[in-house]
Every structure is written in C-alpha cells, then in structure tokens.
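Below is one structure, written out as structure tokens; comments come after it.
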Amino acid sequence: MKAGKKDRVFEIVTTVLLVMILIVALYPLYFSLIASISSPRAVYQGRVLFLPADVTLDGYRKIFADESIWTGFGNGLLYTIVGTLLNVVFTITLAYALSRKEFPFGGVFMKIMVFTMYFYGGIIPLYFVVKQMGMLDSIWSIVLPTLISTYNMIIARSYFMGSIPEELKEAAFLDGCGYVGFFFRVALPLSKSLIAVMVLFYAAKQWNSYFEPMIYLSSESRFPLQLVLRTILIDSQNSLASADASTVADMQQLVDLLKYGCVVVSSIPMLVFYPFVQKHFVKGVMLGAVKG
C-alpha cells in the first residue's frame, strides 16, 4: 500500500474514532437537554432518544420560580471570578519563580509541593484550619484552601521552562530588565495560551464545586448555584416521600424533570464560556507538556 493510501486510511480511521468519542461525550448532555423538556412518561417509554417528545417546561418553571436560583447564580459567578483570578495570579507567579534555575532552593520547594499531591491531611484537619482562621461561611473558605493546584502549577512551570528561551532572558537583562520586569514585559505576553488554559481549568473547578460550599457554608444566602440546585432536588424528593398516593405519580414526574433540568442549568455557563478559550486550549496544554 502506498504512503498516500496509508495516510488516507489513517485519517479515515482517526476521524471515525474521534466522531465516536465525540458522540459518547456529548450525547449524555444532549439527552439531558431533550429529556428536561420532554414528558417523563415519554422518557420511560423510550421515545426520547434523539428528539424531545410531549414537550413540557414544567421542570424549568419549578427551577426558575425559586428565587434562590438567582442568588445562587450570582454567588457562583462571584466565587468563580474571584477564585479564578486569585488561582491564576498565584499559580502563574509561583510557577515562574520555580522555573528559574537560579531561584534558591527551587528544587526543594518543588519536591514539597509534589509531596502534597500524594499525601493529604484530610477534610477534618482542613475544616479546623478554616474555622480557626475565621473563614467559615464566607467566600474565603471557598477560595483560599484551593488557591493553588499543584498539577496546574507543574503545567505552568513546564511551559515557562520549555517555551521561553534562556537567550531571551539574557537579552532582556542586557537591556536593563530585572526579574520582575522580565516577568511582566516578556513572560506574561508570551503566555496567553497558558493563561487561557489556567483560566479554563480553574473556572470549571470553581463553578462545578459543591462539596466545599456544602462543608464550609451554613447560610443559604451564600450558597452557589450547584448547592442551590442540589437543595431544590432534595426538597422535591422529600416532598415526594410525604405526598399522598393520588399525587405520587405527578410528583415523581416533576422530580425527574428537575433532575435533567438541574444538569442543563448548571452546565450552560461553562458551555458558553468554553468557546472563548478553546483556540488556546490545545496549544497551551501541549506547550506545557513539552519539557518538565
């Protein structure tokens, strides 16, 4: 078989595999979308596979009728913006410092941080630390304990080491630029792809986080959207458990609609945000993986 035919076969096989992976990854979300606007009875009967059936918006009416949804959306947006900003600033600056060979004890600090990836004190000691610092039931209990991800820091450090030539630093220093000036004037402008990747990683984590808010927050007015949706779903299930026999079927259908609706509502912000950083995503990750 000639090289051209081999390449064509390889492209066809790769394309088929990628399409299959895409379908497997996207179909659950698509199914949740069409099931959230379909009658639960149609879902039970298997009539909702590719298109909605017996369209109804009762689930979304129930979700958005709750005023806490809007409060939770605002809180989640605040936690995501503030948390992502601090995450990126501290991760990038630390990674830049550790990428410099002349940084004192850089190898020691790196080993200590990698150690934390494998050994974790646990949620109870962390809870007491947060409590002793007076951060319970505040935004700082959500943002500060997860300020730096060691994994993301390693990606950023590898990016700086593999993508910014040492000769560029030497030339900048000959022109009178110091470490701080080199970081802001040279390193950061060349790291737009890295910053985009870090923003995407941290924003997705902050937006989808519900365990930390569930542990540290006690005031419902401070709940993020994920926790509000969880509360609505639990309340609906509790109402179902105490409902009369005549209304159980209707309540069960409403609960099922809420399940799918909660998945869609919580996913929309990330789906809207992702296209803006998608063009930098692959480039940033690959450049950070070249050298470590």
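Coordinate-derived values only; no laboratory data. As the structure is a computational prediction, the values presented were derived from the model and not from experiment. Heads up, the Cβs are rebuilt from the backbone with ideal geometry, glycines too, and the neighbour counts pull from every protein chain shown.
Numbers below:
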{"read-out": "Cα lying deepest toward the dipole's positive end in the chain, options P165, T56, G83, charges on Cβ", "value": "P165"}
{"read-out": "Cα-projected label distance for F64 with L77, points at 7 Å along beta-carbon direction, nm", "value": "1.5 nm"}
{"read-out": "Difference of contour (0.36 nm per residue) and Cα-Cα distance, S138 to V55", "value": "25.8 nm"}
{"read-out": "Backbone HN-Hα couplings from phi across region 173-188 [Karplus 6.51/-1.76/1.60, Hz, Gly and Pro as x]", "value": "5, 5, 8, x, 8, x, 5, 5, x, 5, 5, 7, 8, 10, 5, 5"}
{"read-out": "Calculated FRET efficiency for the pair V114/D175, C-beta based, R₀ 25 Å, to 0.05", "value": "0.10"}
{"read-out": "Sorted peptide list for 129-140, 88-99, criterion being average Cβ within 10 angstrom, highest first", "value": "88-99, 129-140"}
{"read-out": "Cα centre as origin, Lys/Arg/Asp/Glu Cβ charges: the chain dipole, Debye", "value": "1100 debye"}
{"read-out": "Computed P(r) (all Cα pairs; the chain; 10 Å bins; percent)", "value": "6, 20, 24, 23, 17, 8, 3, 0, 0"}
{"read-out": "In range of the label at F103: residues from region 119-154 whose backbone nitrogen is under 18 Å from the point 7 Å along Cα→Cβ", "value": "147-154"}
{"read-out": "Among 211-221, 38-48, 170-180, the order from most to least packed when residues are scored by Cβ within 10 Å on average", "value": "38-48, 211-221, 170-180"}
{"read-out": "Cross-link pairs K101/K205; K111/K205; K101/K131; K131/K192; K5/K192 - those with Cα-Cα distance over 27 Å", "value": "K101/K205; K101/K131; K131/K192; K5/K192"}
{"read-out": "Eligible aspartates and glutamates near K169 by straight Cα distance, threshold 17 Å, same-chain separation 8 or greater", "value": "E102"}
{"read-out": "Region 84-183 pair-distance distribution - Cα-Cα, 10 Å bins, rounded %", "value": "13, 36, 31, 14, 6, 0"}
{"read-out": "Backbone HN-Hα couplings from phi across region 256-266 [Karplus 6.51/-1.76/1.60, Hz, Gly and Pro as x]", "value": "5, 5, 5, 4, 5, x, 5, 4, 5, 4, 6"}
{"read-out": "Cα gyration tensor, region 1-151 - rounded (a/c under 1.5), prolate or oblate", "value": "oblate"}
